[in-house]
Every structure is written in C-alpha cells, then in structure tokens.
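Structure, as structure tokens:
The values are calculated or read from the model by the stated rules, or taken from the named source; none is laboratory data. Treat the numbers as computed from the prediction; the structure is a model and nothing was measured. Using ideal geometry, Cβ is built from the backbone for each residue, glycine included, and neighbour counts are taken over all protein chains shown.
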Amino acid sequence: MALFGRKNREDKNETHAPQPQTPAAPQQAERAEGEPERKKGLFARLREGLSKTRGNMTDKVDTLARQTVRIDDDFYEELEDILILSDCGIAATTRIIDELKARVKQQGIKDGLAAKEILKQIMIDEMNIPRPPLKWPMVMLIVGVNGVGKTTTIGKLALRFQAIGRKVMLCAGDTFRAAAAEQLTIWAERARVPIIKREEGADPAAVVYDAVKSAKANEADLLIIDTAGRLHNKKNLMDELDKMRRVIDREYPYADMRCILVLDATTGQNGLQQARAFKEVCEVGGIILTKLDGTAKGGIALAIRQELAVPVWYIGVGEGIDDLQPFNAKEFVEALF
C-alpha cells in the first residue's frame, strides 16, 4: 500500500490551522520575482545547461528535418532512433511518434521542418504536468538514493524558499550515512535556517518528531526532511518512511505533506528504475531532476512523464543556486531547440 497519501488535505488545512497571510505561493513568486533581465538570465542558464542534450538530440533532429524532402517511414524510424538514444524511453518515444504521424497526416504536412515544429509542441504537451499549488505549512519529505544530489538540492530549496519570504527549517533525518547531518548543517548555515539533528545512528522518526515540534513552535512555513538514501532492503526503507509519515500525521495533521523524489539525470533509465521502486514505497508527489547539465540524454524528462505520470517540480542544470529552476515544459523544449 502506498504511503504518504493524504485525503481531504485542503479541508484539513482549513479546519485545523489558520493559513498565514503571506506572499504568493513559490511557483507564482518564482515567476513574478524575475524581472525581464533575470528571466532572460535564467533561460540562458537553462539553455547552457541543456547543451549536451541539444548536441545529442535536437541538433540531430534539426539535421534530419532539414534533409527530409518527403516525410516517410524512414523519417519516422530515424527520428525514433534519435529519441530512444536520448533516453526518452520506448514508451514515450512510441507515443510521440504515433502522435506526430497523426498530426502530420491530419494537417497535410509534407516537409521535415514543419514536422519538427509539431514535434516540439507534442513534447511540450507530453511533459506539461502542472505542479500542484503549494499550501502552508508544508512538509517536504525528500527521498532518493545516495549520490543523486539530495543534500545539495535541499540546501538550494531552503535558499530559494527563504528568498521569497518563507520561514524554512531543515531536518537531518538521514542518520545512517556518515556525515550526512554535517553536510546538511553546512547548507543550513549558508541559508541561515535552523536545522534539527541528532547523533549518527539515532532513530530517524525521533529526529522527525523533534523537527515537527520545533516547526510548529516556531510557526515555520516549510519543513524539509532529508531521508536515508540506502537501507539494507526495501522493507527497511518502507518501515523507516512509514514511521516518519506516522509521526507527521499524528503531530502535524494540518501540514501539507509532499514526498519529493530526487533523481540524477545522468543515470538515465537506471534512474527510472529507482523511481519505480520508490513509488512502491511512498506516494511520490513530485520529481526533482538533477545534473541535467552533465548528460547528453536529457530525454529522460520525457520518459519520466510517460512512465511515472508525476510532475517534475525542479531541474538542476548547474552548480549555482539559480541553476535549480522550476520546471516549465515550454521553456525546457525551447531551450533544447
């Protein structure tokens, strides 16, 4: 049975706790805060971060489109190869090619360049799962295997939400990995946000209990909880996450809880296998896709949409704080092409 399911969450928020009168939700604020120059800078970083994928996938699509005089089976087969080699996955690629064929036929498209424009719109449509509105107070339970960039991502999230006026607190719930709490403490100090932690080997649920009590007492908007990336087996992982969830449910019932999975884009299809495993353990509500700047196979974003049906919340396209960006399907595809 999936964990972290919260029924009637909006009703709980309304009846159990007053909602703070604060600025717009982060998704709106992140868009509104960027003047034209800043938005242009963010797009430039996105485009630069996707340069490897552009060279591997979209440049090849461009070449194919320009060289295609007549759209035929060979065109579709070559396009299919390009998408699969870019880690779009078999399911997503098949769906895209089938939709492209249908639209090309319906619109009477004859040349490759026109077909490419249709392909772009299909890709946007495929990845466009809106991130749900954020409600306060919120608990983000961050999951993912070791090495995907969880700690860095948590630190960047803390900086991002604090910058738009949210009161943020961190919880070092990964008590199994050596120095995990120390690494998270460095980010807490950088973001100037409090962190709740215990000694290495402590019960993670006990740390979460302390963090929830502190978040409530200090009226925090957002509590971000790091979790263990690797335990002895899936049952251990499920048990630990279930204990954390039960603590939050019991002690913080009116908080909006989201289980967010961090995936390393460079692992490609292996990352999808990790995602499937975590979806069996918890109800993953969103994906943060890191290290897109380090892979030529950014088509994994399409595969995630098709195979997981979970919205991508953020993507990481570099080491800087602004290189963790809210995912926008249209901007993503425009940056690719």
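Starting from residues that are part of a loop (DSSP other than H, G, I, E, B) and touching a helix residue (DSSP H, G or I) at 6+ places or on another chain (Cβ under 7 Å), keep the ones in the stretch 116-132 and report whichever is nearest to L100 (Cα to Cα).
At the first step, the residues of the stretch 116-132 found to be part of a loop (DSSP other than H, G, I, E, B) are 128-132.
Cutting the leftovers down to touching a helix residue (DSSP H, G or I) at 6+ places or on another chain (Cβ under 7 Å) gives us 128-129, 131.
On the way: N128: 17, I129: 20, R131: 26 Å.
Across the stretch 116-132, the extreme among qualifying residues is N128.
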If you check N128 against the conditions, is it closer than 21 Å to A329 by Cβ, polar (S, T, N, Q), in contact with a Ser or Thr (Cβ under 8 Å, 6 or more places away or on another chain) and surrounded by 12 or more Cβ atoms within 10 Å (Cβ to Cβ)?
no
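Output the number of residues of the stretch 309-325 satisfying the condition of being closer than 22 Å to L272 by Cβ and either part of a loop (DSSP other than H, G, I, E, B) or in contact with a Phe, Trp or Tyr (Cβ under 7 Å, 6 or more places away or on another chain) (or both). Spell out the reasoning first.
So in the stretch 309-325, the residues closer than 22 Å to L272 by Cβ come out as 309-317, 324-325.
Still in the running and either part of a loop (DSSP other than H, G, I, E, B) or in contact with a Phe, Trp or Tyr (Cβ under 7 Å, 6 or more places away or on another chain) (or both): 309-315, 317, 324-325.
Looking only at that region, the number is 10.
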Reported set for the stretch 144-187 where residues are in a loop (DSSP other than H, G, I, E, B), touching a Pro at 6+ places or on another chain (Cβ under 9 Å) and under 19 Å from I315 (Cα atoms) is I164
**Prompt:** Would you say A65 is of a type in the set (G, A, S) and at pLDDT 95 or above?
**Reply:** yes
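If I go through the stretch 53-79 residue by residue, how many of them are surrounded by fewer than 17 Cβ atoms within 10 Å (Cβ to Cβ) and assigned to a helix (DSSP H, G or I)?
As a first pass, look at the stretch 53-79 and keep what is surrounded by fewer than 17 Cβ atoms within 10 Å (Cβ to Cβ): 55, 59, 62-63, 66-67, 69-70, 72-74, 76-78.
Going one step further and asking which of them are assigned to a helix (DSSP H, G or I), we end up with 55, 59, 62-63, 66-67, 73-74, 76-78.
Total meeting the criteria: 11.
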Per the filter on the stretch 80-115, residues under 26 Å from Q273 (Cβ atoms) and part of a loop (DSSP other than H, G, I, E, B) are S86, D87, C88, G89
Residue set R276, R258, R305; condition crowded, with 19+ Cβ neighbours inside 10 Å, farther than 25 Å from L159 by Cβ and not hydroxyl-bearing (S, T, Y); output residue R305
A careful count of residues in the stretch 276-293 that are closer than 22 Å to R246 by Cα and not aromatic (F, W, Y) gives 9
Across the stretch 145-168, the tally of residues that are of a type in the set (G, A, S) and out of contact with any Asp or Glu (no Cβ under 9 Å at 6 or more places or on another chain) stands at 2
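Results for (1) under 24 Å from A301 (Cβ atoms); (2) in contact with a Lys or Arg (Cβ under 9 Å, 6 or more places away or on another chain); (3) touching a residue at least 24 places away in the same chain (Cβ under 8 Å); (4) among the aromatic types (F, W, Y), shown as yes or no for each residue.
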{"site": "R54", "(1), (2), (3), (4)": "yes, yes, yes, no"}
{"site": "D62", "(1), (2), (3), (4)": "yes, yes, yes, no"}
{"site": "D98", "(1), (2), (3), (4)": "yes, no, no, no"}
{"site": "Q107", "(1), (2), (3), (4)": "no, no, no, no"}
Only one of L289, L237 is at pLDDT below 85, among the aliphatic types (A, V, I, L, M) and surrounded by 19 or more Cβ atoms within 10 Å (Cβ to Cβ), namely L237
Within the stretch 69-92, residues of a type in the set (S, T, Y) and modelled with pLDDT of 95 or more come out as Y76
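State yes or no: is F75 aromatic (F, W, Y), farther than 30 Å from D221 by Cα and in contact (Cβ under 8 Å) with a residue 24 or more places away in the chain? Reasoning before the result, please.
Details: aromatic (F, W, Y): yes; farther than 30 Å from D221 by Cα: yes; in contact (Cβ under 8 Å) with a residue 24 or more places away in the chain: yes.
Yes.
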